[in-house]
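The values are calculated or read from the model by the stated rules, or taken from the named source; none is laboratory data. Worth saying up front: this structure is predicted, and the values here are computed from it rather than measured. Every residue, glycine among them, receives a Cβ derived from its backbone with ideal geometry; neighbour counts consider all protein chains shown.
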Amino acid sequence: MAKLVSLAEGVAELVRDGDTVALEGFTHLIPFAAGHEIIRQRRRDLTLVRMTPDVIYDQLIGAGCARRLVFSWGGNPGVGSLHRFRDAVQNSWPVPLELEEHSHAGMANRYVAGASGLPFAVLRGYTGTDLPRHTANIRPIECPFTGETLTAVAALRPDVTVVHAQRADPAGNVQMWGITGVQKEAVLAARRSLVTVEEIVDDLDPVPGQVILPGWAVTAVAHVPGGAHPSYTQGYSVRDNDFYRAWDAISRERASFEEWIARHVRDVEVPA
Amino acid sequence: MAKLVSLAEGVAELVRDGDTVALEGFTHLIPFAAGHEIIRQRRRDLTLVRMTPDVIYDQLIGAGCARRLVFSWGGNPGVGSLHRFRDAVQNSWPVPLELEEHSHAGMANRYVAGASGLPFAVLRGYTGTDLPRHTANIRPIECPFTGETLTAVAALRPDVTVVHAQRADPAGNVQMWGITGVQKEAVLAARRSLVTVEEIVDDLDPVPGQVILPGWAVTAVAHVPGGAHPSYTQGYSVRDNDFYRAWDAISRERASFEEWIARHVRDVEVPA
Amino acid sequence: MSADYSSDEMMTVAAARQLRDGTACFVGIGLPSTAANLARVTHAPNLVLIYESGCLGAKPDRLPLSIGDGVLADTADAVVSVPEVFNYWLQPGRIDVGFLGAAQLDRYGNINTTVIGGDYTDPKVRLPGAGGAPEIAASCGEVVVIVRQSLRTFIDRVDFVTSVGYGAGPGYRARLGLRGGGPKTVITDLGVLTADPVTCELTLTRLHPGVTVDQVRAATGWPLAVADEVSTGEPPSTDELTVLRALEATKKAGV
Amino acid sequence: MSADYSSDEMMTVAAARQLRDGTACFVGIGLPSTAANLARVTHAPNLVLIYESGCLGAKPDRLPLSIGDGVLADTADAVVSVPEVFNYWLQPGRIDVGFLGAAQLDRYGNINTTVIGGDYTDPKVRLPGAGGAPEIAASCGEVVVIVRQSLRTFIDRVDFVTSVGYGAGPGYRARLGLRGGGPKTVITDLGVLTADPVTCELTLTRLHPGVTVDQVRAATGWPLAVADEVSTGEPPSTDELTVLRALEATKKAGV
């Protein structure tokens, strides 16, 4: 049964320096508040894993939490580049950032393998691209029946996965709906998991399109209303596209980025 | 876009002598009416594929439609043995029945591979059992990253898959809910598919737990109310457990079986 | 406490007692389902029942006849696809206890539910086959087998290995890379056998009330290992029997 | 018909026209999404839009900023998981058309969206990377690329192959076992290039109104193949422009 914790407690207990951490959410349900708490608690040397390291990871990278990034698409969707990500890769600011790069299909299957307790997954992917040259986690594999060559990717097993969801009940059963991306797989692939939710309710009335994570498969749940902003929570909020657009200017220069992080993340009072 | 057809048309067009045919439905939503139509149309030499060849396949086997059975559990759930299946295996009545036998996990993954356009799937399965001795469709496979030996199973690609569902809309979009088993995978793994439904409605209002098969991924839809009986359709009917119990006596002897099939299947008038 | 109970009832009650509250249990149909539901209604209200039809956390108020009755989906915390229940839930070792039956069983807990006698392609008796059992036996934290004990069932060498127990003995599971703990407990209508931690051999450790060691030996097709101290279990309590019979009545009532 | 349109508008309209009604189209964000929605609202009402966020058959009434805006889930026939959209829908070749952008493109339609200049580990410009593109390029029935044409974009040799087109030329895709038809069409702000069925080389086959072959050559970083007959496309119709601008306005207005 998942433990109910505050966000600060959850991050303190479950996210450790040097950990491999996946904050997932495919455009929808991105756990921004948890990312900010990781910045506030000054985690270092994290390997950050995420299919689409958008603004949330730009912030974590710019704040110096990450040593390594495992990803498949790093941009500000519909807006442009991630300036902090670029600055880290091109200029090692504030610290060098090592990259391990995949395709979406590869990353999704790496989580599936992790969730399935398998060391690898098989796909038709990466063929003819330069991606396999740069990581040992993509290898050819031969079909034992047809002899055909396919691609194997190594399983992802994060130390901790953090996701945001609509609701949980007191036993820590989690309910999410709308675009649920790869969150179930990311949680099940991880050794530990933290789920932030909009609401804790006595009963999780069934909702079309719902994905349920049983409380016994989740480590901790924290009640964090609005915890996905500027991403959104279907049924609770809409995507703050204006913020995503504004981020381009905020993040372009180191100084304006640091000022924003100080004001909107580091100096924010949060309940213990 | 799926074609709307009568059951008789659907079976006539999509199920051919010698085909590999999967009628799926895990206890729930078993397409009995379609199975009966296959018997009425006197299909022969079918390779029948199904995880749990329960009463529906006992009827098809006893009626002489099958040459081969690919399966993982052949019994009358909670009741006992399938007498027609046994008679075919032990005494070749009415025709010899070749078996290819798997575990549930293996069969499920074979459908997943088929649905995924892959020639095989990988699992932790069959290890230490005698099952791999009897089919070429189970082979060891080595992880290219860890060197660990796992099990590969060959993809299932039925010529046609038949399933039953709650509803479809006029464009042939199919909606099912409750226990949905391996039906999505079985339909997507097949070259052709036929879905029988309780209702055709203008709009498929979303339902918790729903699985949607888009009309462009389905070949044909037939309106067959009650088409799962004695299995059931969540929201429309309950499982006729009394019939499952009664089947034990009906099917025990060849004569009583044939009389039942004649009266309840062959001589039934159906709309063309 | 009541003296008026059948050996099947004793077996089911003993199996139910084996389940600790709060654990996750992969439940096959028949005796395992009855025992697991008895446990849930009595001492283990937070037992998580997982059915291979994809029902996670089912809480049926009546016994299902099949592993896919509507009551399981209606009362489950989540209903997932069949591939998912095997790949995401069973395979990674998330399930604490797997509950299996057997048509034949040997001293190392290897199970046959496939064919008896003759040749595989021309058997004397064709049984239902594997179902979910091979991977339940491989991947659950531990396996509990419920089976009526007789010379037909408890045999020296199973005709077909459908689900592997301890294979040929110590070290076998590790060599195959099996991650689950294997068939630690076998509960029969006569008593309880436990896999010896060193030899892996099923060893008689407990008798049901009124049963003797000799009776168990006589129903075992190999020289039975018997623990130095064989305890005698408690008979079913009135509460256990009442609940069990009420559950059985719901099954007979249909739906 | 209106003469008052931008070259980007012409490009988007030309891309939309490329989509046949009733086909299934895997849509990336940005120009592909705009073009696909324009097609759906004009000549292809039954175009099935598939977004990598898992939205199958999305019918947004306004342009999403990201591939996961709420309007996509709200209007989709089905929302599936991200692993499912890639494994069950894209990989088996169920999608007719894949719509891609590019930062660099070569004559064989190989695409770079990863790094420009320098070394992979120390690039001059770090781009977003692959996303869904490598498998879209591999598995869709055919690929349509939308990209503004310039010497920076249309280069002799891409710095990094993120998504493979025709590789090194004829036979390359077959040798790799790629099942999709590859980048048959490249639509730019100057015209339309089509992969030659024999040489696989992108060949200028159509100009947008007012553009000359020399202009296209001047914006291409290799000796451009030009078809014997180069047609000139129709300018955007009033209807196309009206719908396109109304769609763009919804994007600027936010959600």
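Kindly check whether there is at least one residue in segment C:118-127 that is crowded, with 18+ Cβ neighbours inside 10 Å, assigned to a loop (DSSP other than H, G, I, E, B) and in contact (Cβ under 8 Å) with a residue 60 or more places away in the chain. Within segment C:118-127, not a single residue is crowded, with 18+ Cβ neighbours inside 10 Å, assigned to a loop (DSSP other than H, G, I, E, B) and in contact (Cβ under 8 Å) with a residue 60 or more places away in the chain. Kindly indicate the residue of segment A:135-165 that is polar (S, T, N, Q) and assigned to a strand (DSSP E or B) and also nearest to D:PRO134 (Cα to Cα) among those meeting that condition. Looking at the filtered set, the residue picked out is A:THR151. Would a scan of segment C:201-213 turn up a residue that is closer than 20 Å to C:ALA16 by Cβ and loosely packed, with under 15 Cβ neighbours inside 10 Å? There is at least one residue in segment C:201-213 that is closer than 20 Å to C:ALA16 by Cβ and loosely packed, with under 15 Cβ neighbours inside 10 Å.
Per the conditions (1) in a loop (DSSP other than H, G, I, E, B); (2) β-branched (Val, Ile, Thr); (3) within 14 Å of chain D (Cβ to nearest Cβ), the sole criterion not satisfied by B:THR127 is (3). Do we find a residue being in a helix (DSSP H, G or I), crowded, with 24+ Cβ neighbours inside 10 Å, touching a residue at least 12 places away in the same chain (Cβ under 8 Å) and in contact with a helix residue (DSSP H, G or I) (Cβ under 6 Å, 6 or more places away or on another chain) anywhere in segment D:86-103? So far as segment D:86-103 goes, yes, one or more of its residues are in a helix (DSSP H, G or I), crowded, with 24+ Cβ neighbours inside 10 Å, touching a residue at least 12 places away in the same chain (Cβ under 8 Å) and in contact with a helix residue (DSSP H, G or I) (Cβ under 6 Å, 6 or more places away or on another chain).
Across segment C:130-170, the qualifying residues are those that are more than 9 Å from chain B (Cβ to nearest Cβ) and polar (S, T, N, Q), and the one among them that is nearest to B:PHE71 (Cα to Cα) is C:THR153.
The one condition from (1) basic (Lys, Arg); (2) surrounded by fewer than 24 Cβ atoms within 10 Å (Cβ to Cβ); (3) out of contact with any Leu (no Cβ under 8 Å at 6 or more places or on another chain) that B:ARG68 does not meet is (3).
Which one is nearest to D:THR250 (Cα to Cα), of the residues in segment D:62-82 that are at the interface with chain A (Cβ under 7 Å from one of its Cβ atoms) and among the polar types (S, T, N, Q)? Residue satisfying both the conditions and the ranking: D:SER66. Within segment D:51-81, if we keep just the residues that are in contact (Cβ under 8 Å) with a residue 60 or more places away in the chain and not in a loop (DSSP other than H, G, I, E, B), the residue that is nearest to D:ALA39 (Cα to Cα) turns out to be D:VAL71.
Kindly indicate whether D:ALA16 is within 20 Å of D:ARG94 (Cβ to Cβ), buried (at least 20 other Cβ atoms within 10 Å of the Cβ) and either in contact (Cβ under 8 Å) with a residue 60 or more places away in the chain or within 11 Å of chain A (Cβ to nearest Cβ) (or both).
Judged against the criteria, D:ALA16 is not a match.
Name the residues in segment C:21-50 that are without any contact (Cβ under 8 Å) to a residue 60 or more places away in the chain, out of contact with any Ser or Thr (no Cβ under 9 Å at 6 or more places or on another chain) and not small (Gly, Ala, Ser), would you? Matches in segment C:21-50: C:ASP21, C:ARG40, C:HIS43, C:PRO45, C:ILE50. Report yes if C:THR75 is within 25 Å of A:PRO170 (Cα to Cα) and of a type in the set (S, T, N, Q), otherwise no. Yes. Taken over segment B:85-96, the residue count meeting the criterion of being surrounded by fewer than 24 Cβ atoms within 10 Å (Cβ to Cβ), within 12 Å of another protein chain (Cβ to nearest Cβ) and of a type outside the set (Asp, Glu) is 6. If you check A:LEU82, A:LEU48 for being away from chain C (no Cβ under 14 Å), over 20 Å from A:ASP248 (Cβ atoms) and crowded, with 24+ Cβ neighbours inside 10 Å, only one passes: A:LEU48.
Filtering segment A:253-268 for residues that are closer than 26 Å to B:PRO206 by Cα, of a type in the set (Lys, Arg) and assigned by TED's automatic domain parsing to the domain that holds A:VAL15 leaves an empty set. Picking from residues in segment C:164-200 that are crowded, with 23+ Cβ neighbours inside 10 Å and among the hydroxyl-bearing types (Ser, Thr, Tyr), the one that is farthest from B:THR151 (Cα to Cα) is C:THR188.
Looking at C:ALA138, is it buried (at least 24 other Cβ atoms within 10 Å of the Cβ), assigned to a helix (DSSP H, G or I) and out of contact with any strand residue (DSSP E or B) (no Cβ under 6 Å at 6 or more places or on another chain)? It is true that C:ALA138 is buried (at least 24 other Cβ atoms within 10 Å of the Cβ), assigned to a helix (DSSP H, G or I) and out of contact with any strand residue (DSSP E or B) (no Cβ under 6 Å at 6 or more places or on another chain).
To keep it simple, each residue is scored yes or no on (1) under 19 Å from the mean Cα position of the chain (by Cα); (2) within 14 Å of chain A (Cβ to nearest Cβ); (3) farther than 25 Å from B:VAL95 by Cβ; (4) aromatic (Phe, Trp, Tyr).
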{"position": "B:VAL162", "(1), (2), (3), (4)": "yes, no, no, no"}
{"position": "B:PRO170", "(1), (2), (3), (4)": "no, no, yes, no"}
{"position": "B:VAL218", "(1), (2), (3), (4)": "yes, no, yes, no"}
{"position": "B:TRP247", "(1), (2), (3), (4)": "yes, no, no, yes"}
{"position": "B:ALA262", "(1), (2), (3), (4)": "no, no, no, no"}
{"position": "B:VAL265", "(1), (2), (3), (4)": "yes, no, no, no"}
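No other residue among B:ALA105, B:ALA121, B:ALA154, B:ALA113 is within 7 Å of another protein chain (Cβ to nearest Cβ) and buried (at least 24 other Cβ atoms within 10 Å of the Cβ) apart from B:ALA105.
The set of residues in segment C:29-57 being surrounded by fewer than 24 Cβ atoms within 10 Å (Cβ to Cβ) and among the small types (Gly, Ala, Ser) consists of C:GLY30, C:ALA44, C:GLY57. Taken over segment C:1-38, the residue count meeting the criterion of being among the hydroxyl-bearing types (Ser, Thr, Tyr) and part of a loop (DSSP other than H, G, I, E, B) is 4. The set of residues from segment A:18-31 being within 18 Å of A:GLY62 (Cβ to Cβ) and surrounded by fewer than 24 Cβ atoms within 10 Å (Cβ to Cβ) is empty. Going by what's in this entry, would A:GLN59 be described as crowded, with 24+ Cβ neighbours inside 10 Å and in the same structural domain as A:ILE261 (by TED's automatic domain parsing)? Criteria met by A:GLN59. Quick check on C:VAL255: is it among the hydrophobic types (A, V, I, L, M, F, W, C) and modelled with pLDDT under 95? Here the answer is yes, as C:VAL255 does meet what is asked.
Inspect all residues belonging to segment B:28-36 and state whether any of them is in the same structural domain as B:GLN234 (by TED's automatic domain parsing) and farther than 22 Å from B:VAL221 by Cβ. There is no residue in segment B:28-36 that is in the same structural domain as B:GLN234 (by TED's automatic domain parsing) and farther than 22 Å from B:VAL221 by Cβ.
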